[in-house]
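Input: a single structure, listed below in structure tokens.
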Amino acid sequence: MDFRKKLLVPPGKTVRLKDIDPDFHGGIKSEQDAQPHLDRYRQKLTDMQRLFYGDRNHALLIVLQGIDGAGKDGTCWHVISAMDPQGVKVQGFKQPTPEEKDHDFLWRVHPHAPGKGEVAVFNRSHYEDVLVERVHKMVPKPVWKARYDFINDWEKLLHEDNNTTILKFFLYISKEEQLARFEQRLDDPARQWKISSSDYKERDFWEDYIEAFEDALWKCSKTHAPWYVIPANHKWFRNLAVSQIIADTMEDMKLKLPKPGVDLAQIRKLYHAAAEDSGKAKADKGKASKPAKKG
């Protein structure tokens, strides 16, 4: 199944998340059945990212958004980790600092946009400013409403001025699944560090967040910067869908390694000369190390 088609938010089309099943798993029955597919796409990601780094004609921005517990960190761990960390950077966006608040809302974001040959992952992003600030009425309605256009203009700038491909993933879980994951955090010492009292306070705003996400999805899904709604109740399906979409998108870039910037014939001569000298030195060392014959 082509998840780019199945999970895409069509540009200009409104979204009703209640009509999307967060338990959807693409007809794959289990994590065990999904694993060979995930392994294949992870390997494809590795290969594509090496080409991408060498090609250096494209930039790639991956945006991960979701309600608390949706698996943004897990997606980085299980999907993005397939790429060479030399060419990938992950940036999280939390509550703005006092300095950041003194600037426009995109001021803190733009420095982290990827350069050519780079993959940037936003774990939370500039969309927080039409989600959290809207839900909690931190700014007036006219302010957050205007931000959709600013976001679209900014993403268009990245695409047109720096050949940046933008992939945006909304990791969609049910309210029941979120609570189950919160329980896992309580019971697992390795996850308890993630616990925050605000997680439970934010659940009171669930419907407000859903409405805010719906608006962000349909207002800001563009051909050059599409949104995908990823059913994420099954972590293994989330990983498979995201990895397939990224890998297939990179493959469509028709990436090529650059031609050598040196005269290979001359370099071969230098190599063979160096290899010959090395062989002679090794042979001389061998002769010198042999014990002298007693006469």
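Could you list all residues from the stretch 24-34 that are open to solvent by 70 Å² or more (accessible area, probe 1.4 Å) and either closer than 16 Å to ILE245 by Cα or part of a loop (DSSP other than H, G, I, E, B) (or both)?
As a first pass, look at the stretch 24-34 and keep what is open to solvent by 70 Å² or more (accessible area, probe 1.4 Å): 29, 31-33.
Within the stretch 24-34, LYS29 is the sole residue that qualifies.
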Checklist line | Pair list, Cβ < 6 Å and 6+ apart or interchain, from the stretch 161-174 residues that are in contact (Cβ under 8 Å) with a residue 12 or more places away in the chain and within 12 Å of LYS222 (Cβ to Cβ) to residues that are open to solvent by less than 10 Å² (accessible area, probe 1.4 Å) and acidic (Asp, Glu) | finding: ILE166/GLU155
Next item on the list: Pull up the stretch 117-142, narrow it to residues that are part of a loop (DSSP other than H, G, I, E, B) and farther than 24 Å from VAL79 by Cα, then point me to the one that is most open to solvent (accessible area, probe 1.4 Å).
Entry: LYS137
Checklist line | Conditions (1) in a loop (DSSP other than H, G, I, E, B); (2) open to solvent by less than 100 Å² (accessible area, probe 1.4 Å): number failed by LYS259 | finding: (2)
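Please return the ranges of helices (runs of 4 or more DSSP H) entirely within the stretch 143-232 where 2 or more residues are touching a strand residue (DSSP E or B) at 6+ places or on another chain (Cβ under 8 Å) and open to solvent by less than 40 Å² (accessible area, probe 1.4 Å). Before the answer, list the steps.
Details: elements: 175-187, 197-203, 206-220.
By residue number, 206-220.
Yes/no matrix, rows are residues, columns are (1) part of a helix (DSSP H, G or I); (2) under 11 Å from the mean Cα position of the chain (by Cα); (3) without any contact (Cβ under 8 Å) to a residue 60 or more places away in the chain:
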| site | (1), (2), (3) |
| --- | --- |
| ILE62 | no, yes, no |
| ALA70 | no, no, no |
| LYS94 | no, no, yes |
| PRO114 | no, no, yes |
Checklist line | Filter result for the condition that a residue is modelled with pLDDT under 95, surrounded by 17 or more Cβ atoms within 10 Å (Cβ to Cβ) and more than 14 Å from ALA216 (Cα to Cα), over PRO114, PRO96 | finding: PRO96
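Residues ARG50, ARG4: which one is in contact (Cβ under 8 Å) with a residue 60 or more places away in the chain and either assigned to a helix (DSSP H, G or I) or among the basic types (Lys, Arg) (or both)?
Numbers: ARG50 fails: in contact (Cβ under 8 Å) with a residue 60 or more places away in the chain.
Checking each option against the conditions leaves just ARG4.
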Next item on the list: Taking TRP107 as meeting all but one of (1) open to solvent by 80 Å² or more (accessible area, probe 1.4 Å); (2) of a type in the set (A, V, I, L, M, F, W, C); (3) under 10 Å from the mean Cα position of the chain (by Cα), write down the number of the exception.
Entry: (3)
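Return the residues of the stretch 43-89 that are small (Gly, Ala, Ser) and open to solvent by 30 Å² or more (accessible area, probe 1.4 Å); say none if nothing qualifies.
Of everything in the stretch 43-89, just one residue is small (Gly, Ala, Ser) and open to solvent by 30 Å² or more (accessible area, probe 1.4 Å), namely SER81.
The values are calculated or read from the model by the stated rules, or taken from the named source; none is laboratory data. Quick caveat: nothing in here was measured; it's all calculated off a predicted structure. Every residue, glycine among them, receives a Cβ derived from its backbone with ideal geometry; neighbour counts consider all protein chains shown. The area values use the complete protein model at the heavy-atom level, side chains included, leaving out ligands, DNA and RNA. Shrake-Rupley method; radii C 1.70, N 1.55, O 1.52, S 1.80 Å.
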